[in-house]
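Quick notes on the structure that follows.
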Amino acid sequence: MRELSIPLEEAARLSGPLAFNIMLKPAGSLCNLDCAYCYYLDKSALYGGREPRMSMDTLEGVTRAYIEANDVPEVQFVWHGGEPLLLGLDFFRKAVQFQRKYAGGKTVFNSIQTNGTLLDAAWARFFRENNFLVGLSLDGPEDIHDRYRTDRGGAPTFRKVTDGLRILREEGVPFNTLTTVSRAGEGRGAEVYQFLKAAGSCYMQFLPVVEYVRLKGKNIRPEIVEPMTPGAVPAFWSVSAEGFGDYMNAIFDQWIKADVGRCFVQLFDATLSAWCGHQGGVCVFGRSCSGNAVIEHNGDLYVCDHFVYPRYRVGNVLQTPIRELMEREQVTRFALRKYSSLPPRCQRCPYLPACHGECPQHRDPKTGVNVLCEGYRRYFDHVAPAMDRMRALLSQGRAPAEIMSYGR
């Protein structure tokens, strides 16, 4: 396959002041749920199957190293899991103390992704008082959500999650929703969107579930593996390409009529940004896979949340400065390979500036084409007229929301 040279604009960005987001996983893969499609539960095998928890010494070291490594005035801590709330409130109180201790004049922001089942008033007050943005995992109405999101005993989780959401709203905590789009949601995009709106979500992310598994036997949880792994097969819960495209189109048709400027859908914002000639701010649609590394509970740094495998481990931030790790050739090669390895079909695609092949983890190991390609083409074809009109409105100094009058 012919490799592409990296665009000058991207080369300039990568050689500019060092700035990156790192997803911190202080509890590693530890979680109180057993979601069928979770690609992170299997990561416990990397650390001997133990339940990982970040120590206070590691937390302090990571906090200081991360803040000092960024050359920009604002630093974003993104807490993820597993389920980070399992570490308890005292852990995050200490995290905030360390941030203030080592801020050095920089502004520090925090966001945290949670399954919502452990939320209570004390957590909510802490988040509000410390300006945490909360991401809540909610897949839609009860039957969709509970299809694959159960606890360790196989019990449904919808009621606990919606109780947590209610507490966030009552305490005035800003939140967004992260909704995975699996086989369970196909054909129900508009219904899920209306449900999330009714639940109080104004900021929504829709994440397509595409995984490969290696089957272990009857009644044994299949192992989620890289697509090129021998014996790997598509997971039964994965959304189809066409199903994902139709799901997002159904949501777009609702949004474009009544919610532009009122509800914010990450994919739509990223698409409009690309239509206007800018990067969309979402890693999967960027030209390169850069600036989105992961720090595990013990300080190990990996190139990406979706590539936490031994060969993608860069080093340990307690042993080597983060700046040095992020500037290693291994990280740069991984970042640029997304663009340089695009197959000819992608190179000829009119939607390349908006898609850039999406996430490399979703590429077919044989063809190099993203397995969701047909779904994204269906989506881009569908939204193109509206995106053209909103781009025209912006060029005239007018609000994209004016498009809603045309729809009516």
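Some points to look at:
- Note on Glu60 and Arg345: with the Förster distance fixed at 51 Å, the Cβ-Cβ geometry gives a FRET efficiency of about 0.60.
- Per-residue ellipticity at 222 nm from helix content only, as computed over the chain with -39500 (n - 2.57) for each DSSP H run of at least four residues, stands at -11500 deg cm²/dmol.
- Between amide H atoms placed 1.01 Å from N, distances below 5 Å from Ala293 occur with Asn21, Met23, all of them 5 or more places distant or on a separate chain.
- Most tightly packed first, judged by the mean number of other beta-carbon atoms within 10 Å of their residues, the peptides 22-30, 352-360 read 22-30, 352-360.
- For the stretch 337-408, the Rg and Dmax computed from alpha carbons only, in angstrom: 15.6, 46
- Partner lysines whose Cα lies under 28 Å from the Cα of Lys106, excluding those fewer than 8 positions away in the same chain, are identified as Lys25, Lys94.
- Sorting 229-239, 187-197 by their mean Cβ neighbour count within 10 Å, with the most densely packed peptide first, gives 187-197, 229-239.
- Average accessible surface for the stretch 290-391: 43 Å² per residue, computed with a 1.4 Å probe over protein heavy atoms with every protein chain in place.
- By the Kirkwood approach, averaging reciprocal distances over each pair of separate Cα atoms, the stretch 265-391 gets a hydrodynamic radius of 15.9 Å.
- Cα centroid separation - the stretch 61-94 against the stretch 100-129, whole Å: 9 Å
- Cross-link reach list, lysines versus Lys197, counting only Cα pairs under 27 Å and skipping chain neighbours closer than eight places: Lys160, Lys257
- Square roots of five times the Cα gyration tensor eigenvalues for the stretch 141-285, Å: 28, 22, 14
- Scanning residues 5 or more positions from Val213 or on other chains, those with amide H under 5 Å from its amide H are Val225, Val233, Ala235, with H placed 1.01 Å from N in the peptide plane.
- Note on the chain: with neighbouring protein chains present and a 1.4 Å probe, carbon and sulfur make up 51 percent of its accessible heavy-atom surface.
- Descending semi-axes in Å of the stretch 296-365, equivalent ellipsoid built from Cα gyration tensor: 29, 12, 9
- The modelled label-to-label distance between Glu327 and Leu394, using points 7 Å beyond Cα along the C-beta direction, is 3.4 nm.
- Taking the inverse of the mean 1/r over every pair of distinct Cα atoms in the stretch 137-226 gives a Kirkwood hydrodynamic radius of 14.5 Å.
- For the stretch 165-175, putting each phi into the Karplus relation 6.51 cos²θ - 1.76 cosθ + 1.60 with θ = phi - 60° gives couplings of 4, 4, 5, 4, 5, 5, 8, x, 8, x, 8 Hz, in residue order, rounded to whole numbers and with x for Gly and Pro.
- Gain on full stretching of the segment that runs from Arg50 to Leu215 - 0.36 nm per residue minus C-alpha separation: 57.2 nm
- Estimated FRET transfer efficiency (Glu68, Ser405; beta-carbon r; R0 56 Å; 0.05): 0.65
- Neighbours of Ala103, meaning other residues whose beta-carbon lies under 14 angstrom from its beta-carbon, give a summed charge of +1 when Lys and Arg score +1 and Asp and Glu score -1.
- Summing +1 for each Lys or Arg and -1 for each Asp or Glu among the other residues whose beta-carbon sits under 11 angstrom from that of Glu242 gives -1.
- Segment Arg311-Gln97, length gained on full extension (0.36 nm per residue, minus Cα span): 73.6 nm
- Cut-off 14 Å between beta-carbons: net charge of the residues surrounding Val369, Lys and Arg +1, Asp and Glu -1: +3
- Distance between the 7 Å Cα→Cβ label points at Glu170 and Lys257: 3.5 nm.
- P(r) for the stretch 247-330, from all Cα pairs and a bin width of 5 Å, is 3, 13, 18, 15, 12, 10, 12, 8, 7, 2, 0 %, short bins first.
- Taking 0.36 nm per residue of separation and subtracting the current Cα-Cα distance, fully stretching the chain between Cys276 and Thr162 would add 37.3 nm.
- Dipole magnitude (debye, nearest 20) for the chain, charges at Cβ of Lys, Arg, Asp, Glu: 280 debye
- Evaluating 6.51 cos²θ - 1.76 cosθ + 1.60 at θ = phi - 60° for every residue in the stretch 373-388, the Karplus couplings come out as 3, 5, x, 5, 4, 4, 5, 4, 4, 6, 8, 3, x, 5, 5, 4 Hz, glycine and proline recorded as x.
- Taking 7 Å steps out from each Cα toward its Cβ at Val233 and Asp364 produces label points 1.9 nm apart.
- Length-normalised contact order of the stretch 276-317 in % [C-alpha pairs under 8 Å, at least 6 apart]: 26 percent
- For the chain, the calculated P(r), taken from all Cα-Cα distances in 10 Å bins from zero up to the bin holding the longest distance, is 4, 21, 32, 30, 12, 1, 0 percent.
- Asn370 long-range amide H proximity, modeled H, under 5 Å: Asp364
The values are calculated or read from the model by the stated rules, or taken from the named source; none is laboratory data. Note that this is a predicted model, so its numbers are computed, not measured. Counting neighbours? That spans all protein chains shown, and the Cβs are built from the backbone with ideal geometry, glycine included. Keep in mind that these areas ignore ligands, DNA and RNA; they rest on the heavy atoms of the full protein, side chains included. Shrake-Rupley method; radii C 1.70, N 1.55, O 1.52, S 1.80 Å.
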